[in-house]
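The values are calculated or read from the model by the stated rules, or taken from the named source; none is laboratory data. The shown structure was predicted, so the numbers you read here are calculated from the model rather than taken from an experiment. When we count neighbours, we look across all protein chains shown, and the Cβ atoms used for this are built from the backbone with ideal geometry, even at glycine.
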Amino acid sequence: MSSEDDDPIVDARVLLIEDTRDHQFLIIKRLSNIGLKRVIVCETGELGLEKIRSDNFDLVLVDYILPGKSGLEVIEEITRISPETPMIMITGLGSEKIAVQAMKLGIKDYLTKEEFFTNLNLRQIITPILLEHHAQQEMALTQRLKANPDLFSISVYKFGRFGPEPFLTSALPFEDSISSQEKESFLIKIGTHYFSATGAGHAYSQGLFELPVPDHDKYRGLVFGFRMTEKNHKDERIKRSGGKNYGLIVIIFPVFFRSILPNRSIIEKRLEELLSGYSDMEEIDEHFITRAKNIFFEIQ
C-alpha cells in the first residue's frame with residue numbers, strides 16, 4: 001500500500017455547517033489545501049441535521065453562531081443522531097465558556113476562525129481525529145459482520161462462453177425477498193452490469209470499484225476485477241490467449257455498512273493476496289467465499 005492509502009485525509013467526507021458565504025469559501029479553501037476535497041456545505045443547523053440523518057461523514061465542522069438552532073444545539077443533536085461522528089466547533093468568538101460547553105457535548109476540538117484561517121497546522125489537528133474515527137468504524141463494522149455475516153454476500157464471476165457466468169455464489173442479503181428464479185436472473189444481471197462497467201479485452205480494468213446494485217438502492221457493491229488462467233475454457237478466444245480469463249469478485253452489502261468504503265485499499269490488497277494462492281479459475285472452490293468473507297472480519 002502506498003502512503004496515500006494510509007492517509008485518513010484521502011477520501012474523507014466533511015460536512016461544514018456555516019451560514020456566512022465568505023467564511024464558507026475560506027474554510028473550504030483551507031481544507032482543500034490540506035487535502036480535504038469532499039466538503040458538503042449547509043447554511044443552517046436544520047439542513048445540517050437533515051444531511052447527518054441521510055448521509056455518512058468522517059468529520060463535521062460546526063459554526064457557533066447559526067440562524068435557527070445554535071451551534072451548541074446542533075452539536076447536541078448530532079451527538080444523539082450519530083454519536084460516532086467526530087465534530088469540531090469553529091467560531092469567531094473565542095470564549096472559554098463556550099469551549100467548555102462544546103467539549104462537554106463531545107466535540108473533538110474547538111477552534112477560533114482566526115486560528116483556522118491563519119498559521120494553524122490544521123492537518124496535524126484533523127489527522128488524529130480521522131484516524132481515531134476510522135479505527136472505531138472498523139471495529140464496529142467487524143463486530144456487526146461477525147454477529148450477522150449474511151448481511152453481505154460474496155460472489156465470483158468468470159467470463160463464460162456466452163458471457164458473464166456466476167461461478168460461486170453465497171446467499172444474497174435480500175434473498176428472502178426473491179424467488180430462486182429471480183435470484184438466478186439477478187445474478188446474471190449484475191454479472192453483465194459489472195463486467196460492462198469494468199470493460200473487456202485490452203480495456204479490462206483490474207482492481208476494486210464501488211458500484212450501485214441494480215434495482216436495489218439500499219445496497220452497495222464492491223467489485224474486484226482480476227485476471228486468471230482457466231486451462232479448460234471452451235471459448236476459442238480464451239484458449240488462444242493461453243487460458244487468460246476475466247474474473248470478478250462481487251461484494252454486496254447494505255448501505256448502512258458504508259464504513260467498508262474507506263477501507264477499499266485494504267480490501268483490495270487482501271483480495272489480491274487471497275487470489276495469489278490460486279493459479280487456475282477452476283481451483284477456486286466453495287471455501288474461497290468463506291476465506292473472502294473473513295477478510296471483512298479482519299478490517300482493522
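Report yes if some residue within the range 153-172 is over 30 Å from residue 246 (Cα atoms), outside any strand (DSSP E or B) and within 22 Å of the chain's Cα centre (by Cα); otherwise report no. Looking for residues that are over 30 Å from residue 246 (Cα atoms), outside any strand (DSSP E or B) and within 22 Å of the chain's Cα centre (by Cα), one finds none in the range 153-172, hence no. Screening residue 27 on (1) exposed (fewer than 15 other Cβ atoms within 10 Å of the Cβ); (2) modelled with pLDDT of 90 or more shows it passes everything except condition (1).
Checked against (1) within 30 Å of residue 139 (Cβ to Cβ); (2) assigned to a helix (DSSP H, G or I); (3) in contact with a helix residue (DSSP H, G or I) (Cβ under 8 Å, 6 or more places away or on another chain); (4) at pLDDT 85 or above, residue 220 passes all but a single condition, namely (2). Checked against (1) out of contact with any Lys or Arg (no Cβ under 8 Å at 6 or more places or on another chain); (2) farther than 26 Å from residue 261 by Cα; (3) at pLDDT 85 or above, residue 118 passes all but condition (3). Does residue 298 fit the bill of being under 30 Å from residue 82 (Cα atoms) and assigned to a loop (DSSP other than H, G, I, E, B)? Yes, satisfied.
Take the residues in the range 94-124 that are outside any loop (DSSP other than H, G, I, E, B) and in contact (Cβ under 8 Å) with a residue 24 or more places away in the chain; name whichever of them is surrounded by the fewest Cβ atoms within 10 Å (Cβ to Cβ).
From the range 94-124, those outside any loop (DSSP other than H, G, I, E, B) are 96-104, 109-117, 122-124; that's our starting set.
Right, trim to in contact (Cβ under 8 Å) with a residue 24 or more places away in the chain and you get 98, 101-102, 113, 116-117, 122-123.
Details: 98: 17, 101: 18, 102: 24, 113: 19, 116: 20, 117: 16, 122: 18, 123: 14.
Among them, the one singled out is 123.
Within the range 60-74, the set of residues being assigned to a strand (DSSP E or B) and aliphatic (A, V, I, L, M) comprises 60, 61, 62.
The condition of being in contact (Cβ under 8 Å) with a residue 24 or more places away in the chain, closer than 30 Å to residue 256 by Cβ and of a type in the set (S, T, N, Q) holds for only one of 85, 91, that being 85. Residue pairs whose Cβ atoms lie under 7 Å apart, separated by 6 or more positions or on different chains, with the first residue in the range 149-172 and within 14 Å of residue 190 (Cβ to Cβ) and the second among the basic types (Lys, Arg) and not in a strand (DSSP E or B), are 154/293; 172/183.
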